Amino acid sequence: MKKITALLLTLVLSATALWAASIEKPVSWSASIESADDNGGILVLKGEIKDGWHIYGVEMPSHGNDGGVPDPTLVEFTSGAEAAGPLTCNVEPSVHLDAFMNLNLPWLAGTIELRRPFKATGGSVEGFVRYMPCTEQSCTPPTRFEFTLPFGAEGKPATDSTENESAPAPENISGRQPSAPATVSEWWAPVEVERESASQSFWAIFIFGFLGGLVALMTPCVWPMIPMTVSFFLKKSKSRRRSIIDAVLYSASIIIIFLALGIVLTLIFGPGKLNEIATGAVFNLIFFALLVFFAISFFGAFEITLPSRWSNAVDARAESTTGILSIFFMAFTLVLVSFSCTGPIIGTLLVEAFSQSNLLGPLAGMGGFALGLALPFGLFAFFPSMLKELPRSGSWLNTVKVVLGFVELILSLKFLSVADLAYGWRILDREVFIAIWIVLFVLLGIYLLGKLRFSHDSEVKHTSVGRFFMAVASFSFAVYLLPGLWGAPLKAISAFAPPLYTQDFNLYGGTFEEFHDYDKGMAYAQEHGKPVLLDFSGYACVNCRKMEGAVFDNPSVRSIIENDFVMIKLMVDDKADLEQPMTVTEEGQTMRLTTVGEKWAYLQRYKFGINSQPYYVILDNEGNPLETPRVYDENIGAFVAWLENGASKYKKK
């Protein structure tokens, strides 16, 4: 049990460290050249390491070459120079027992300077420092800081290169930040656009959260708490009025605790980073692993619990205190005890909430979840007799837990698919994804009929009516998925399945001819005299997949786009490397764009001043909007009218 708990906490701490590192830079670097002459000089890299973080030394001890030692901090030249001496550091590293590696390793912390002599071979010195930022609990993946330093033949001192100022800022276009790179076309010029409200998305998240709270009520972690907590309310006072007030306070405490969690997550990550986190490959791989981990637990392989002393201490405090404080501690006990069942539901909810890139997303989701979980407790306090009608805890609760395990496995593939698409691994193409789902839904149906049993299951002597209908639904859905193996659209799962273009064998057709490069698509549209339908999308964007399945696959919509428009789809989380990195300035800071997704995400922010997806714009051949851009909305009639109006305005111009 202790090992399982430790493993779970390690996973959570690692995820937290990776999220934090993706938002704030644990190390800030600046580069310069000293002692420059015609032949070369000394590269100086100054690093400011934040408190609580460290990187590894430039030399690492040998441990038998067993592969368990992390790489040292290193500096390499990629152009314009060759190393002419060893890499040195101005401070001696301190040796620590590294809990993450379980080895004695050299750490560098605070302010450091790395120095390396070089021989000049070109007009500028380019290279990178590769390092691994760590805390005492976990490490992020190895990270690079790239530098480019002018180096003249006359040996003049070179200009500094820093993370905030690695090159002269390009001229600001229209006095607006961020600024465009000097190499982009006129089609990049910023435009003023009206923004459609996406408030309905927050209501959808709230409802999704509310339903998640009701589902959590049926889990084995929460269900046994119902009679215990209601009994606690009724014992506190002989007055029914007092008991009702206590129950309301208890429900409100649950809501406050979960809302506080949403607020903390929002403050840590910030609204501008929520979408970036939700679409990141690291985040999705971690969440895939966590869901599989929870599913294995739900199947009965092991139990996941927080340390018992935590819940016992809180429970003891609830018994020893009186009034509002005791009620709050009872609510906190529920949150702790229910962690192993509510954690996966909350995590799935927050993924959708984060994708809104807005402060209200996590608050709406957590508020809905807390209300769904807390409302039944208040109702039972108002009507205590309802408790007598509730079924007792038993084998049926384990059945609920196993069914949730199947759901966790089914949902986990969505997060693996996001990373697979973003990096182009192609290990989970659409037909593979659908095949695994078919197998899981068939196995779920077999389990519901009692023909498949796990370690904690009791023998099913007869099939109840509820189990029967659930099994029918599971088998029916598996049959519905079958045509998808040959390319059928499957609109019901369009938000989860990989895009149709990943299908190797497609008898149905139905893919758009579209450009994935903005400038090439704009040039083609100008040459052929057609307006552009610009689609900012993402591999991890659930609403993008919904729009593709519900709207773009509609024959009317498809016909208009194919005949009257040039389609440009830009994936803002595409991890493919750019052929030539771009240097841009945003919010007064110079950034280096190295992936295709970074380029298109920057284009969306720079040109339209927005960073959420999906985002649809109709453009003329000069890059000006012809209609108010659209966001997620499955109203096919409204989308058709929008396209027709845009095409009509283009013809009039």
Problem set entry | Pair list, Cβ under 7 Å, 6 or more apart: the range 505-520 residue at pLDDT below 85, other residue among the charged types (D, E, K, R) | 505/431; 510/553
Problem set entry | Listing of helices (runs of 4 or more DSSP H) fully contained in the range 510-573 that carry 1 or more residues being over 16 Å from residue 625 (Cα atoms) and open to solvent by less than 10 Å² (accessible area, probe 1.4 Å) | 542-547, 555-564
Seminar exercise, completed: For residue 500, the lone unmet condition from (1) in contact with a Pro (Cβ under 8 Å, 6 or more places away or on another chain); (2) more than 27 Å from residue 602 (Cβ to Cβ); (3) without any contact (Cβ under 8 Å) to a residue 60 or more places away in the chain is (3)
Exercise. Which ones in the range 410-467 are of a type in the set (Phe, Trp, Tyr) and open to solvent by less than 20 Å² (accessible area, probe 1.4 Å)?
Worked result: 415, 433, 437, 447
Seminar exercise, completed: Those residues of the range 27-43 that are of a type outside the set (A, V, I, L, M, F, W, C) and outside any strand (DSSP E or B) come to a total of 4
Exercise. Would the range 577-588 turn up any residue that is out of contact with any Asp or Glu (no Cβ under 6 Å at 6 or more places or on another chain), open to solvent by 10 Å² or more (accessible area, probe 1.4 Å) and farther than 30 Å from residue 282 by Cβ?
Worked result: no
For this session: Test residue 70 against the criterion of being more than 32 Å from the chain's Cα centre (by Cα) and either modelled with pLDDT of 90 or more or over 24 Å from residue 119 (Cα atoms) (or both), and give yes or no.
Result: no
Exercise. Quick one: what pairs do we get from the range 182-206, first residue closer than 26 Å to residue 373 by Cα and part of a helix (DSSP H, G or I), second at pLDDT below 70 and open to solvent by 70 Å² or more (accessible area, probe 1.4 Å), C-beta under 9 Å, 6+ apart or different chains?
Worked result: 199/360; 202/360; 205/360
Exercise. Restricting the range 101-129 to residues that are among the polar types (S, T, N, Q) and either open to solvent by less than 40 Å² (accessible area, probe 1.4 Å) or out of contact with any strand residue (DSSP E or B) (no Cβ under 7 Å at 6 or more places or on another chain) (or both), which is modelled with the highest pLDDT?
Worked result: 124
Exercise. Restricting the search to the range 596-653, which residues are of a type in the set (A, V, I, L, M) and within 24 Å of the chain's Cα centre (by Cα)?
Worked result: 596, 601, 603, 610, 631
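The values are calculated or read from the model by the stated rules, or taken from the named source; none is laboratory data. Worth saying up front: this structure is predicted, and the values here are computed from it rather than measured. Note: ideal-geometry Cβ built from the backbone for every residue, glycine included; neighbour counts use all protein chains shown. Surface areas here come from the heavy atoms of the whole protein model, side chains and all, with no ligands, DNA or RNA. Shrake-Rupley method; radii C 1.70, N 1.55, O 1.52, S 1.80 Å.
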